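Have a look at the structure below before the remarks.
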Amino acid sequence: MPYEGEYATYHPLHRISECQRVKSLLTRSKLLDVAQVTYAPRPVEAPLQVAALPRFILAIDGSYTEVNVKNGYPGAKIGYCTAASVLLDLRLIDELDAVRPVNPVEFRKTEQAASVDAALPGSNVVTRRQNSARASFREELYDLFTNIVVDEDDRTSLLSTYEVLLALKPPANPQRCPYRETHGCTEEFIVGPGYTECPTCRQLVYSTDALRIHERFNDIGTNGEAFGLVMQVIERLLMIHFLRCFEHRNLLERLVSLAFFIDGPLAVFGPPAWLSAAISQELKRINQKVQTASSQDILILGIEKSGAFVQHFEDIDQTETPGQQLFAVRQYILLTDGYIKERIQHSDTQKRYGKDTYFGRKFFYKAQSGARIVASIPFLSDVQDTIDSDDISLYPQFAAVCTLLDRVVSSRYVNAVSPLIAANAQAAIPLQLGSKVLTQLARALLGTAENGK
């Protein structure tokens with residue numbers, strides 16, 4: 001590892017590039033021959049939307065930062081996580097667009113934002129009731145879920161929604177005791193709701209331990225991966241939580257006026273991946289009720305801003321003719337299992353791509369403005385739960401999805417949508433501000449805050 005501020009010079013980089021082992025490895029690697037592919041990209045014209053679009057968009061995005069804190073121990077860190085939800089009123093935006101220039105004060109009224117903020121222990125930060133940083137992280141994560149309440153009239157915590165999904169976790173997949181590293185316990189069991197205990201070591205177990213995020217926690221070093229997993233889970237839980245709040249208040253028929261935009265694909269990765277199947281099952285249950293109440297599907301979109309799929313869309317849109325692109329505006333490709341495995345992520349397995357992680361499927365869409373959007377639509381019924389077919393009639397809301405994307409594509413950033421830009425602006429943590437807030441939170445968490453400071 002280099003010293004801080006030390007960078008490799010040209011010579012070792014050149015040596016590596018010329019290394020015979022590198023050349024040999026590349027020679028043995030598979031190359032995609034585009035001329036012989038089975039699945040060629042064939043863009044299709046998007047269907048036109050006839051019915052009215054939703055009036056509101058609820059966009060959800062999260063952010064986290066990790067900073068050093070002083071508690072007397074070296075390498076002490078704490079994470080500050082925030083998840084923002086922004087409600088956009090498209091009708092008000094249209095009214096303002098009709099009269100230019102737009103008054104910034106009036107434009108801000110088209111957005112209503114709320115955020116969930118939390119401080120979580122990082123490495124070498126041990127709360128007073130615990131004896132390790134990992135145990136402190138586990139306890140604070142459970143308390144975080146318990147304390148998040150987004151509906152002041154309902155007062156239902158995010159923990160209750162999470163535990164509904166926990167009940168859907170297959171019992172055939174027990175997990176190891178969270179005290180394996182500290183107590184040497186080798187027990188495997190099904191984690192229940194609330195507080196329970198390990199049947200062997202009799203230590204306290206939280207329902208959030210079933211997420212297994214603590215397995216990616218480092219007692220010494222950075223915990224960006226663990227905090228990132230926390231934000232991933234909260235973003236997706238908030239979507240289900242909002243839907244269940246509508247259900248509890250008998251307002252499911254009102255969902256025809258609302259669309260959800262989620263940052264990233266409709267998937268859950270890493271140790272909490274089991275949530276994906278549970279979310280899918282809950283979405284299908286709720287959507288069946290929405291169908292009965294309104295004869296429409298819920299409209300949910302996951303938007304990807306980077307990654308292999310975004311890169312592939314950009315690559316295939318370029319043709320050998322300068323200035324000519326493969327996709328015309330308002331054309332799409334609904335990605336199939338075969339296409340993904342042959343063209344994007346090589347795989348010879350018979351298992352469906354994303355079987356254990358995705359609760360939706362991906363598609364490419366070139367918006368009316370020319371923006372390239374990589375998005376996901378959810379599986380809202382057993383019939384829709386496929387990526388083998390490219391039959392768009394399986395997804396009745398697809399025309400609305402494309403028209404809505406045309407409506408909200410932003411001119412501020414390349415291939416971006418305005419709802420997630422607004423949500424990200426609310427969730428983003430300025431480095432210096434985040435550091436100051438974290439220092440104060442760390443003092444309070446550790447019980448070392450001084451009066452008057």
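Quick note: the coordinates plus some simple rules give every number you see, no bench work behind them. Given the structure is predicted, the values throughout are model-derived calculations rather than measurements. Please note: Cβ atoms are built from the backbone with ideal geometry, for glycine as well, and neighbour counts cover all protein chains shown.
When the Cα atoms of the chain are enclosed in a convex hull and the volume is divided per residue, what value in Å³ results? Before the final figure, lay out each step's value.
Numbers: hull volume 98.3 nm³, N = 453.
Dividing the Cα hull volume of the chain by its residues yields 217 Å³.
Which value results for Rg/Rh of the range 304-373 when Rg is the Cα radius of gyration and Rh the Kirkwood radius based on the inverse mean 1/r? Mind dumping the intermediate values first?
Values: Rg = 13.3 Å, Rh = 13.3 Å.
Here Rg/Rh amounts to 1.00.
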Antiparallel bridges, percent of DSSP beta bridges restricted to the chain (to nearest 5) = 85 percent
inquiry  = Placing unit charges on C-beta atoms (Lys and Arg positive, Asp and Glu negative, everything else neutral), compute the dipole magnitude of the range 187-344 about its Cα centre in debye, rounded to 20.
reply    = 640 debye
query = Using 7 Å Cα-to-Cβ label points, what is the Q350/T186 separation (nm, one decimal)?
reply = 3.4 nm
message = Compute the distance from the alpha-carbon center of the range 311-368 to that of the range 374-409, in whole Å.
response = 14 Å
note = Listed by chain and number, the aspartates and glutamates with an alpha carbon less than 17 angstrom from that of K305, same-chain partners under 8 positions apart left out, are D61, E235, D263, E314, D315, D317, D406
task = State the volume of the convex hull built on the alpha-carbon positions of the range 135-247, expressed per residue in Å³ and rounded to an integer.
result = 101 Å³
S306 versus L168: modelled label distance in nm, points set 7 Å from Cα along the beta carbon direction = 3.1 nm
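Can you give the helix-only mean residue ellipticity at 222 nm for the chain, where every DSSP H stretch with n ≥ 4 adds -39500 (n - 2.57) and the sum goes over all residues, rounded to the nearest 500 deg cm²/dmol?
Values: 13 runs with 152 residues, N = 453.
Computed mean residue ellipticity for the chain: -10500 deg cm²/dmol.
Give, rounded to the nearest 20 debye, the magnitude of the charge dipole that the range 232-294 has about its Cα centre when Lys and Arg contribute +1 at Cβ and Asp and Glu contribute -1 at Cβ. Before the final figure, lay out the partial values.
Working: 7 positive and 5 negative charges, 41 e Å.
In debye, rounded to 20, the range 232-294 gives about 200.
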query = Could you give the dipole magnitude of the chain about its Cα centre, charging the beta-carbon of Lys and Arg +1 and that of Asp and Glu -1, in debye to the nearest 20?
reply = 580 debye
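Normalized C-alpha radius of gyration of the range 22-102, against 2.2 N^0.38 Å? Working shown, then result.
Details: Rg = 25.8 Å, N = 81, 2.2 N^0.38 = 11.7 Å.
Ratio of Rg to 2.2 N^0.38 Å for the range 22-102: 2.21.
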key: Options I316, M231, L266, ranked by Cα towards positive dipole end of the chain, top entry (Cβ charges)   = M231
remark   = Under 5 Å from the placed amide H of G79, counting only residues 5+ away or on other chains, we find L120, G122
query = Regarding the range 216-274, what are the three Cα extents along the principal axes, ordered largest first, in Å?
reply = 49, 21, 18
request  = Report, in cubic angstrom per residue, the convex hull volume of the C-alpha atoms of the range 240-290.
outcome  = 80 Å³
key: Note, ³J(HN,Hα) from phi for the range 375-390, Karplus 6.51, -1.76, 1.60, rounded to Hz, x at Gly and Pro   = 9, 10, 10, x, 7, 10, 7, 5, 5, 6, 6, 7, 10, 8, 9, 9
request  = Could you tell me the largest-minus-smallest coordinate of the C-alpha atoms of the range 259-409 on each of the three principal axes, in descending order and whole angstroms?
outcome  = 50, 37, 25
note = Scoring the chain by relative contact order with C-alpha pairs under 8 Å, at least six apart, yields a percentage of 20 percent
task = Let me know the longest stretch in the chain that avoids all GluC sites (Glu not before Pro) found in a DSSP loop with at most 11 other C-beta atoms within 10 Å.
result = 153-319
task = Any chance you could run the full-extension gain for Y39 through D388? It's 0.36 nm times the residue separation minus the Cα-Cα distance, nm to one decimal.
result = 124.4 nm
